[in-house]
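The structure under discussion appears below in the form of structure tokens.
The values are calculated or read from the model by the stated rules, or taken from the named source; none is laboratory data. These numbers were taken from a predicted model, which means no experiment stands behind them. As a convention, Cβ positions derive from the backbone with ideal geometry for all residues, glycine included, and neighbour counts pool all protein chains shown. Accessible surface areas use protein heavy atoms only, side chains included; no ligands, DNA or RNA. Shrake-Rupley method; radii C 1.70, N 1.55, O 1.52, S 1.80 Å.
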Amino acid sequence: MSLMEKLDGGVSLLAGGTDLLVAMKDGRLRHRTLVDIKHISNLGAIRPEDAGLCLGAAVNTRTIARSPLVKERFPLLSQALAVLGSMQIGNRATIGGNLANASPAADSAPALLALEASVKLVGPQGERLVPLENFFSGPGKTVLERELLTEIHVPSAPDQGRGVFYKLGPRGAPEDICIVSVAVFAVPDASKRIWTDVRIALGAVAPTPIRARNAEKALLGQLIEGRTVEDAARLAAEKDARPISDIRGSASYRRAMVKILVARALEQLSER
Amino acid sequence: MSNDHKVIGKSIPRLDARSKVLGEARYADDLSLPGMLYVKVVRSPHPNARIRSIDTSRARNYPGVISVLTAQDIPGEKLMGPIIKDQPVLCGEAVGYVGDAVALVGAETEQAAEEALELIKVDYEILAPVLDPFKAMEPGAPQVHSGGNIGTHSKVRRGDMEAAFRDATVVVEKRFFYPRVEHAYMEPEVAVVAPDPGGGFTVWSSTQYAHLDREEVSRVLGLPQSRVRVHQMMTGGGFGGKINPHAQCLAALIAWKAGRPAKLRYSREESLISSYKCHPFVMDMKLGANREGKLLALEATLVGNTGAYLLQGKAVITKSATHVSGPYYIPNIKADAYAVFTNCVPCGAMRGYGVPQVTFALESLMDELTGRLGLDPIELRMRNALDTTLPNATGQVMGASVPIKEMLGKAKLTVQSLKPLLQQAPAKGKLRAVGVGCSTRGIGSIRKPSRSTAVVSLHPDGSATVACGHVDLGQGSDTMMAQVAAEELGVDVDRVNVVTNDTAISPDCESTSASRVTYLSGNAVRLAAAKARQRVLEIAAGDLGCAPEELRLMNGSVVYREQGVTLAGLFSKHTFHSVTSVAEFLPDTVPPDPETGQGRPAGTYNFNVHVALVEVDEGTGQIRILRYLALTDVGHMINPLIVEGQVHGGMMMGLGSALMEEVKVENGVTNTSFATYLIPTTFDVPQELLIGVVEEPEPTGPFGAKGFAEGSLDPVGATIANAVSKAIGVRVTRLPMTSERIHELLSQR
Ligand SMILES: Cc1cc2nc3c(=O)[nH]c(=O)nc-3n(C[C@H](O)[C@H](O)[C@H](O)COP(=O)(O)OP(=O)(O)OC[C@H]3O[C@@H](n4cnc5c(N)ncnc54)[C@H](O)[C@@H]3O)c2cc1C
């Protein structure tokens, strides 16, 4: 922890290094002391926690994607992490690194937002638990203040809830940095006619990964049918997404894709 | 064509395969010499600027720095280039694009060299750049060079355009855009240069043309060519991009100045920013046909953005103009092709050399015609395809090996076999269609006749050494040459040593490019080997009192009526150590006339017919290729395994520019890594990729063979675009077909 005091003052935490080393090579980060956190013992576990999960920040994303426990409890998370980078990247990239790096396109974020995960941050001043939605503060920025992200807590979700993750990439490989990503977790009522709980999260269409609150609100308590799906998809695209144009895609294409992918996800989750 | 060949036509594994698989192959960057310095380059951050002054004093004093160099220190020529020598080795007065080289540092470590770069202060007077070729042609545009911004204008003139378009019942016309593409060779540019004790220099490089490295290094250092020796190291791809020995010249300058070995290796970013690319084209094309679908007239204006320097731009533009009518007979043609200077990254040679561009435009218009005429795409092509009697755009009649109609027949069967997949209802929101594309290309340089020379030495143990200057870039040409020599000399391939990579041994045969090596050097090697064999057989015939025709060479012996005489014995008796022969091959060509484009520019032509079945996601615009057939014509296969490898690679390279690749320039190149400049991966390979080879021997080729290595790329963009256009009901006029662009077209329906 005493090292943590020096964070930003010439010291960086190194997990898998798949973001950090690229930044160093590009010259965006130079002459830093690196502290390898991969071998801190309690950062390396996947544990059940009531009906939820606790993920150590230094577990690599491929291990999480393939974990039977994760597959059973949160197939949505497993689905999202299975396409985070190629096999080689997935074997190194940690879940903590993916979140701490705070790319708007980070693939673990939409699924974890939709599952309403929280992160545990530990610093010289003690520890705190922050809902993931409040963790990101901008592209590459988080609320971390000379702290270590140690755990990700995924709370239990209703049994009848189901999730879908869509990632739109620029070429055939499923593991590129996405143009747009969408994670939806939806809970229908017992009769499967009404949306009782819907959480929609979007990647790469705002300065941070976001929840599409306007779209969610429009669905709550409504009939599961084409009209509500369409309305929600439109709201997600027009009200929730705030995309920019960059080398991967224009703002207008991104908006259009939010609409398409949210609609597809909701349609898939509407199937009885 | 006799089929009793021992090694020709056999799928012999490539001679370099084993060393590559085992990691033993030596690339230029594997080389480290005692006392070797590392070189780094100061590059311009501005697309257009005058250099007021360069202050190198702080860099000179930086720890570890041995030499710092600017244009004024260059002892020899200050301009270089593969064909047109118009690029400054180091810019002295002005810079022409972001990435232009301005100064050099040679230091004990790469890190010291890199750090010293930042201490060099260049005072620029920043000028307005011109990046768009059409703006560059306007009066008052910033002048990239003093002679105006039109670097070259190539013409084709055949027939009477006015009358022909008057007679046409259907005329289609559109503007097409082809992207600027990066070669993306796996190995970026590398050169190591060392001074020799005798005052010369030795170069070890990753290169497509070792003798050009020799020429340019000697010009820049002011030395005779004979004092520079170049070793081409194992080269990790070139695709046209390594015919410009800039890194070699820069490393040589530091080696000369410091008197020590020097290495320069480009980072991927440096390579993406500074190396020349494939020309982006804007093409206005107009095509007219009669009611029966006979093509009557083609008019084309082709504008290629050649960037800051011409380098090979003139030759690329000429190739595209002369290939404007594809594999079809069109009696009336008017084409004007321009290479236009801008302050963009330069463009030069890339696999295809202007042909994929015009193929995309022409084949798209062919499909537009089919719609208007109500004709099947293959039928329309069949009605207009060249044969051995009809002239192409240059007026050349090929006389032999023109199998395009046979290929179209095969393609038709494939299209029919795809019907069930087409009719089978695709998933919701998915659109399917089949597209066809055809192409042709002249083999070898068309701008001037080009000769290959080979030296073959037959040794007393029956083994042989072949020296020929066409370097192997990984495509397998050394293996091809070994097969050709082995066949002629009656030995196994592993008894032949092919030396193409040493300028002190291998004769200059021009660059490994233009699909020329098999046709030109294959012939030269064959002729030289045959000459050596003939000489030996004549000597033996004298001894045996028979005719040379009654003898043959086999595994180091001359065989006469099942009796063998060893070469060792024969050589010793006649005071030979080895028997060495030299032969040349120069195809019978006439370059295109500058005013009309008419001539006989190529010794032979290659043809390609491709078929694609695509599926387009109506919502996202994403394209998937479900089936792909690449039919190619190779004359006669020397090595089927290598043919297959070339067609696979060419097809996938074409798929890159069709679907995703585009070097973007805003002042400088903006996609400067493989995270933002995307190339196809295994996930982009069509679900099923079939390769078909049609063999119609080329009478002037070695064992009937001809070149084909670029051909498999030429029609890919056209083929996929035709399929996608059909699927979405809107004509694609711009490559690459990113999902965003297709989504935009879908919303125009
Ligand atoms: C070729 C390639 C492909 C990629 N593809 C994808 C992709 O498809 N999807 C995707 O989302 N990402 C992708 N990435 C990005 C990257 O792999 C992921 O973001 C990865 O999860 C980062 O984790 P890491 O362990 O490597 O982090 P590191 O690089 O080690 O660290 C990243 C940042 O987070 C900080 N950090 C790491 N762990 C902690 C911690 N526990 N507490 C506080 N701070 C911490 C580090 O100091 C650093 O600033 C790709 C990267 C590459 C190179």
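Given a 1.4 angstrom probe, I'd like the percentage of the accessible area of segment A:162-271 that is carbon and sulfur, rounded to a whole number.
On the way: 2150 of 4290 Å².
Here carbon and sulfur together make up 50 percent of the probe-accessible area.
Please work out the Cα convex hull volume for chain A and give it in Å³ per residue.
Numbers: hull volume 33.9 nm³, N = 272.
Each residue corresponds to 125 Å³ of Cα convex hull volume.
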* Structure fact -> Whole-Hz Karplus couplings 3J(HN,Hα) for segment B:396-405, θ = phi - 60° and coefficients 6.51, -1.76, 1.60, Gly and Pro as x, run 7, 9, 7, x, 7, 6, 10, x, 4, 5
* To do: Provide the per residue accessible area, probe 1.4 Å, for segment B:415-508, rounded to a whole number of square angstrom.
  => 33
* Structure fact -> Non-local residues with an amide H under 5 Å from the amide H of B:Ala103, with H modelled 1.01 Å from N and Pro and chain starts lacking one, are B:Val42
* To do: Just give the residues from segment B:676-725 buried by at least 20 square angstrom of accessible area in the all-chains context relative to the isolated chain, probe 1.4 Å, and say none if nothing qualifies.
  => B:Thr676, B:Leu678, B:Thr681, B:Phe683, B:Asp684
* To do: Starting with the highest mean, order B:103-113, A:67-77 by the number of other Cβ atoms within 10 Å, averaged over the residues of each peptide.
  => B:103-113, A:67-77
* Asked: Residue by residue through segment B:665-673, which ³J(HN,Hα) values in whole Hz follow from phi under the Karplus form 6.51 cos²θ - 1.76 cosθ + 1.60 (θ = phi - 60°), with glycine and proline marked x?
  -> 10, 10, 6, x, 5, 9, 9, 9, 8
* **All-pairs alpha carbon distance profile, segment B:1-77, 10 Å steps from 0, percent** => 11, 23, 21, 15, 14, 10, 5, 0
* Structure fact -> The alpha-carbon pair-distance distribution computed for segment A:33-81, with 5 angstrom bins and whole-percent values, is 5, 21, 29, 21, 12, 7, 3, 1
* For segment B:229-310, what is Rg from Cα atoms divided by 2.2 N^0.38 Å, rounded to two decimals? -> 1.84
* **Carbon/sulfur fraction of accessible area - segment B:294-391, other protein chains in place, 1.4 Å, %** => 49
* Structure fact -> Mean 1/r over distinct Cα pairs of segment B:288-367, inverted to a Kirkwood Rh in Å, yields 13.4
* Would you please give the residues with an amide H less than 5 Å from that of A:Thr142, counting only those at least 5 places away or on a separate chain, with H modeled from the backbone geometry? => A:Ser137
* Residue-averaged beta-carbon neighbours from other chains (10 angstrom radius) around B:667-675 -> 1
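Before anything else, pin down the relative contact order of chain B: Cα pairs under 8 Å, at least 6 apart, normalised by residue count, whole percent.
Normalised by residue count, the contact order of chain B is 16 percent.
Just to check, using Stokes-Einstein with a Kirkwood Rh over alpha carbon pairs, what's the diffusion coefficient of the protein assembly as shown at 4 °C and 1.567 mPa s in µm²/s?
41
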* Given the convex hull of the Cα atoms of segment A:162-271, what is a quarter of its surface area in nm²? -> 6.3
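How would you classify segment A:94-251 from its alpha-carbon gyration tensor, with a ≥ b ≥ c the square roots of the eigenvalues: rounded for a/c under 1.5, else prolate if a/b is greater than b/c, otherwise oblate? Each step should come with its number before you reach the end.
On the way: a/c = 2.04, a/b = 1.30, b/c = 1.57.
Note, shape of segment A:94-251 comes out oblate.
Taking a probe of 1.4 Å and counting only protein heavy atoms, give the total accessible area buried between chains B and A in Å², rounded to the nearest 100.
Its buried surface, counting both partners, is about 1700 Å².
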* **Alpha-carbon Rg/Rh ratio, for chain B, with Rh computed the Kirkwood way** => 0.99
* Give a residue-ordered list of calculated ³J(HN,Hα) values for segment B:675-680 (Karplus: 6.51 cos²θ - 1.76 cosθ + 1.60, θ = phi - 60°; whole Hz; x for Gly, Pro). => 7, 10, 9, 8, 10, x
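Going by a ≥ b ≥ c, the root eigenvalues of the Cα gyration tensor, does segment B:16-61 fall in the rounded group (a/c under 1.5), the prolate group (a/b larger than b/c) or the oblate group?
Working: a/c = 6.97, a/b = 2.16, b/c = 3.23.
Verdict is oblate for segment B:16-61.
Hey, can you find the accessible area per residue of segment A:114-255 for me, probe 1.4 Å, expressed in square angstrom? Could the numbers behind the result be given before it?
Working: 6040 Å² over 142 residues.
Roughly 43 Å² per residue, with all protein chains present.
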* Taking only the alpha-carbon positions of segment A:35-177 and ignoring solvent, what does the Debye formula give for the base-10 log of I(q)/I(0) at q = 0.13 Å⁻¹? -> -0.53
* Ellipticity estimate at 222 nm from DSSP helix runs (n ≥ 4, -39,500 (n - 2.57)) divided over chain B, nearest 500 -> -8500 deg cm²/dmol
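For segment A:162-271, what is the number of Lys pairs with C-alpha distance below 21 angstrom, counting only pairs 8 or more positions apart or on separate chains?
Working: A:Lys167/A:Lys239; A:Lys167/A:Lys259; A:Lys192/A:Lys217; A:Lys217/A:Lys239; A:Lys217/A:Lys259; A:Lys239/A:Lys259.
Going through segment A:162-271 pair by pair, I get 6.
Given the -39500 (n - 2.57) contribution per DSSP H run of 4+ residues, what per-residue ellipticity at 222 nm results for chain A, rounded to the nearest 500 deg cm²/dmol? Intermediate results must be reported in sequence, preceding the final value.
Values: 10 runs with 84 residues, N = 272.
After summing the helix terms and dividing by the residues of chain A, the value is -8500 deg cm²/dmol.
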* Structure fact -> Going through B:Lys6/B:Lys412; B:Lys40/B:Lys242; B:Lys6/B:Lys573 one by one, the pairs whose alpha carbons sit over 23 Å apart turn out to be B:Lys6/B:Lys412; B:Lys6/B:Lys573
* Structure fact -> Between the modelled labels at B:Thr389 and B:Cys546 (7 Å from Cα along Cα→Cβ) the distance in nm is 4.6
* To do: Have a look at segment B:732-748 and report residues whose accessible surface goes down by 20 Å² or more when the remaining protein chains are included, against the chain on its own, probe 1.4 Å, ligands and DNA/RNA excluded.
  => B:Ser739, B:Glu740, B:His743
* Per-peptide average of other Cβ atoms within 10 Å, ordering B:73-82, A:238-247 highest first -> B:73-82, A:238-247
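Might you tell me the accessible area per residue for segment A:49-113, computed with a 1.4 Å probe and given in Å²?
Values: 2250 Å² over 65 residues.
Averaged over the residues of segment A:49-113, the accessible area is 35 Å².
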* Asked: Percent of accessible area on segment B:561-645 owned by carbon and sulfur, 1.4 Å probe?
  -> 53
* In degrees from 0 to 90, rounded to the nearest 10, what is the angle of the helix A:251-270 Cα long axis to the longest principal axis of chain A? -> 70
* To do: Could you sort the residues of segment A:232-272 by number and keep only those whose accessible area is reduced by 50 Å² or more in the all-protein-chain setting relative to the chain alone, 1.4 Å probe?
  => A:Ile247, A:Tyr253, A:Arg264
